[in-house]
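Student: Structure provided below as structure tokens; questions to follow.
The values are calculated or read from the model by the stated rules, or taken from the named source; none is laboratory data. Quick caveat: nothing in here was measured; it's all calculated off a predicted structure. Every residue, glycine as well, gets a Cβ built from its backbone with ideal geometry; the counts of neighbours run over all protein chains shown.
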Amino acid sequence: MTKLNHPAQTLLEMLDGYRVEIDEQRERADIVLERPPLNVIAMPQRDQLRLTFEALDEDPRVRIIVLRAAGEHFSSGGDIAGFLAASPEHLSRLAWNIAAPARCGKPVIAANRGYCFGVGFEISLACDFRIASETALYALPEQKLGQIPGSGGSARLQKMVGLQRTKDVVMRSRRISGRQAYDWGIVVECVPDGELERATDALAEELRGFSPLAQRTAKKLLNDSEDATLSTGIELEGHCYSRLRTSDDFAEGVKAFGEKRKPQFKGS
């Protein structure tokens, strides 16, 4: 039989600009951006991040994924020189790689402090929840380079905050604070800088307490129905609801409710 080779076989052997920490006790994986001082995200790192999310999605030890960064800045964005060296075909895959947190079936939390620019903002927008430190600054500054966001940033932001606010951010390369991002509904919490880790831990533990099966179902339903009509969204919701009706987790949830105790969900 012919032996097949694929870059993915070796791509995760040496991570570029980040590390992965798995805490089996808390059923949590942390992807930690770590390229000081600004945690610039290089071209090879984008492919690796996609594969990392895919690997963690299949890892039975992990229930919750947290995307965070070492140091005072989440990420100042991508490696500018890398764009000039990459082929158009490679550049066309950027949005697919950065959308990996959205495709992942497990809940993904982004913890943002300091600069969260360009692809740093875009990958955060692809996560399910964003928690901002009061030091956080968000921006899509590509207009300053004669470009536009290329990894889904403008499209995701417009879905969240509307056309006018997105034009204000994209066309003016405008920076918005963590507090304003909270006011606009981009982040679920904005906390003092020293409270970012505590708030992230609290949300991760809260999410961990729900049924893994119900969480995966809810995430996929909400993602799939985002562009659907109201009637289609209601139809999809009904099908998902009926399927969960036969799950072990639903039976356990109903039983625990009647017995006034905390449910012990297993994800089946």
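Student: Answer yes or no: is there a residue in the range 227-238 that is surrounded by 11 or more Cβ atoms within 10 Å (Cβ to Cβ) and of a type in the set (S, T, N, Q).
Tutor: There is at least one residue in the range 227-238 that is surrounded by 11 or more Cβ atoms within 10 Å (Cβ to Cβ) and of a type in the set (S, T, N, Q).
Student: Of the residues that make up the range 6-21, is at least one out of contact with any Cys (no Cβ under 6 Å at 6 or more places or on another chain), outside any helix (DSSP H, G or I) and of a type in the set (Ser, Thr, Tyr)?
Tutor: yes
Student: May I ask you to verify whether Leu213 is part of a helix (DSSP H, G or I), of a type outside the set (S, T, N, Q) and in contact (Cβ under 8 Å) with a residue 60 or more places away in the chain?
Tutor: Judged against the criteria, Leu213 is not a match.
Student: If I ask for residues that are hydroxyl-bearing (Ser, Thr, Tyr), in a helix (DSSP H, G or I) and under 21 Å from Pro107 (Cβ atoms), which ones from the range 216-250 would you list?
Tutor: Scanning the range 216-250 gives Thr217, Tyr241.
Student: With in contact (Cβ under 8 Å) with a residue 60 or more places away in the chain, among the hydrophobic types (A, V, I, L, M, F, W, C) and assigned to a helix (DSSP H, G or I) as the only criterion, which of Leu49, Leu67, Leu38, Leu56 stands out?
Tutor: Answer to the selection: Leu49.
Student: Still on this structure: Name the one entry in Gly253, Gly267 that is surrounded by 11 or more Cβ atoms within 10 Å (Cβ to Cβ), touching a residue at least 40 places away in the same chain (Cβ under 8 Å), assigned to a loop (DSSP other than H, G, I, E, B) and touching a helix residue (DSSP H, G or I) at 6+ places or on another chain (Cβ under 9 Å).
Tutor: Gly267
Student: Sticking with this one: Test of understanding: among Ser242, Ser211, Ser231, Ser247, which residue is small (Gly, Ala, Ser) and touching an Asp or Glu at 6+ places or on another chain (Cβ under 9 Å)?
Tutor: Numbers: Ser242 fails: touching an Asp or Glu at 6+ places or on another chain (Cβ under 9 Å); Ser231 fails: touching an Asp or Glu at 6+ places or on another chain (Cβ under 9 Å); Ser247 fails: touching an Asp or Glu at 6+ places or on another chain (Cβ under 9 Å).
That would be Ser211, the only listed residue that is small (Gly, Ala, Ser) and touching an Asp or Glu at 6+ places or on another chain (Cβ under 9 Å).
Student: Considering the range 138-166 alone, what residues qualify as being closer than 26 Å to Asp193 by Cβ and surrounded by fewer than 21 Cβ atoms within 10 Å (Cβ to Cβ)?
Tutor: Pro141, Met160, Val161, Arg165
Student: Does Gly150 satisfy the condition of being farther than 15 Å from Ser76 by Cα and out of contact with any helix residue (DSSP H, G or I) (no Cβ under 6 Å at 6 or more places or on another chain)? Working first, answer last.
Tutor: Details: farther than 15 Å from Ser76 by Cα: yes; out of contact with any helix residue (DSSP H, G or I) (no Cβ under 6 Å at 6 or more places or on another chain): no.
Taking the combined requirement at face value, the residue does not satisfy it.
Student: Can you find even one residue in the range 179-197 that is under 29 Å from Ile80 (Cα atoms) and polar (S, T, N, Q)?
Tutor: Looking through the range 179-197, at least one residue is under 29 Å from Ile80 (Cα atoms) and polar (S, T, N, Q).
Student: Just the residues that are modelled with pLDDT of 95 or more and either among the small types (Gly, Ala, Ser) or not assigned by TED's automatic domain parsing to the domain that holds Ala204 (or both), please, taken from the range 18-48.
Tutor: Result: Ala29, single match.
Student: Okay, next question. Which of the following residues is surrounded by 16 or more Cβ atoms within 10 Å (Cβ to Cβ) and within 18 Å of Glu142 (Cα to Cα): Ser92, Ser75? Outline the logic, then answer.
Tutor: Working: Ser92 fails: surrounded by 16 or more Cβ atoms within 10 Å (Cβ to Cβ).
Of Ser92, Ser75, the one residue that is surrounded by 16 or more Cβ atoms within 10 Å (Cβ to Cβ) and within 18 Å of Glu142 (Cα to Cα) is Ser75.
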